[in-house]
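The values are calculated or read from the model by the stated rules, or taken from the named source; none is laboratory data. Bear in mind that the values here come from a model prediction, so they are computed numbers and not experimental data. Ideal geometry is used to build each Cβ from the backbone, glycine not excepted, and the neighbour counts take in all protein chains shown. Surface accessibility is based on the protein's heavy atoms, side chains included, excluding ligands, DNA and RNA. Shrake-Rupley method; radii C 1.70, N 1.55, O 1.52, S 1.80 Å.
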Amino acid sequence: MMLFVRYQVEEFAWKKWGSPEDLDKEFFRREELKRQKKGKKFERGLKELRRRTREGIWQKRKDEEHEHDFGPILVDEEDEDGIGRQRCKQCGFEIEVEEL
């Protein structure tokens with residue numbers, strides 16, 4: 001591991017960038033790059049969250065949709081018109097049917 005004394009680092013920076021203005025430009029450029037990277041990372045996370053949410057809602061809707069599986073026709077003995085009821089085994093939805 002190499003350690004540097006502050007004046008060595010400053011001396012190298014002056015040689016590389018030449019003037020305090022150029023050094024400040026480089027500092028601000030790097031700060032801007034950091035902000036851009038953070039922004040991109042945030043946008044990627046937000047995009048992933050939206051995708052997962054959209055998939056979750058779509059899957060939830062698909063799970064809620066089903067084809068009704070009706071049980072046997074239940075006819076009231078008191079009704080003489082031949083109308084019976086069928087109930088879905090999964091969701092309890094009822095329909096009236098005429099028994100022939």
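Over the chain, with a Gaussian network built from C-alpha contacts below 10 Å, which listed residue (E48, E21, E64) shows the highest mean-square fluctuation?
In the Gaussian network model the winner is E21.
With a 1.4 Å probe and all protein chains left in place, how much of the accessible area of the chain comes from carbon and sulfur atoms, in whole percent? Don't skip to the end; give the middle numbers.
Numbers: 5290 of 9880 Å².
That fraction is 54 percent.
Please give every one of the lysines within straight-line cross-link reach of K15, meaning a C-alpha to C-alpha distance under 16 Å, and leave out same-chain neighbours fewer than 8 residues apart.
Leaving aside lysines fewer than 8 places away in the same chain, those within reach of K15 are K25.
Taking amide H positions as placed 1.01 Å from N in the peptide plane, with prolines and chain starts having none, which residues 5 or more places from V97, or on another chain, fall under 5 Å of its amide H?
Sorted by chain and number, the residues that satisfy this are G84, R85, Q86.
So what's the angle, to the nearest 10 degrees on a 0 to 90 scale, between helix 6-17 and the longest Cα principal axis of the chain?
80 degrees
Match the structure shown to one of the listed values [x] 105, 30, 16; [y] 40, 28, 23; [z] 74, 36, 23 of Cα extents along the principal axes in Å, computed from it, and give that label.
Looking at Cα extents along the principal axes in Å for this model, the match is [x].
Quick check for you: with a 1.4 Å probe and neighbouring chains kept, what is the accessible area per residue of the chain, in Å²?
Details: 9880 Å² over 100 residues.
Spelled out: the 1.4 Å probe surface of the chain, per residue, equals 99 Å².
If you place +1 on the Cβ of every Lys and Arg, -1 on the Cβ of every Asp and Glu, and leave all else neutral, what size is the dipole of the range 1-77 about its Cα centre, to the nearest 20 Debye?
Working: 21 positive and 18 negative charges, 188 e Å.
Approximately 900 debye in magnitude.
May I ask you to compute the full-extension gain from I83 to D24, defined as 0.36 nm times their residue separation minus their alpha-carbon distance, rounded to one decimal in nm? Please list the in-between numbers first.
On the way: separation 59, 0.36 × 59 = 21.24 nm, distance 8.74 nm.
Gain in length upon complete extension: 12.5 nm.
Cut-off 10 angstrom, C-alpha nodes, Gaussian network model of the chain. Which of F28, F12, F70 fluctuates the most?
Its mean-square fluctuation being the largest, the pick is F12.
With a sphere of radius 11 Å drawn around the Cβ of C91, what net charge do the other residues whose Cβ falls strictly inside it have (Lys, Arg +1; Asp, Glu -1)?
Details: positive: R87, K89; negative: E64, E65, E67, D69, E94.
Net charge in that neighbourhood comes out at -3.
Using only helices, what value at 222 nm comes out for the chain when you add -39,500 (n - 2.57) per DSSP H run of length 4 or more and divide by the total residues, to the nearest 500 deg cm²/dmol? Don't skip to the answer; put the middle values down first.
Numbers: 2 runs with 57 residues, N = 100.
It comes out at -20500 deg cm²/dmol, rounded to the nearest 500.
Using only Cα atoms, tell me the angle between helix 20-64 and the longest principal axis of the chain; keep it within 0 to 90° and round to the nearest 10.
10 degrees
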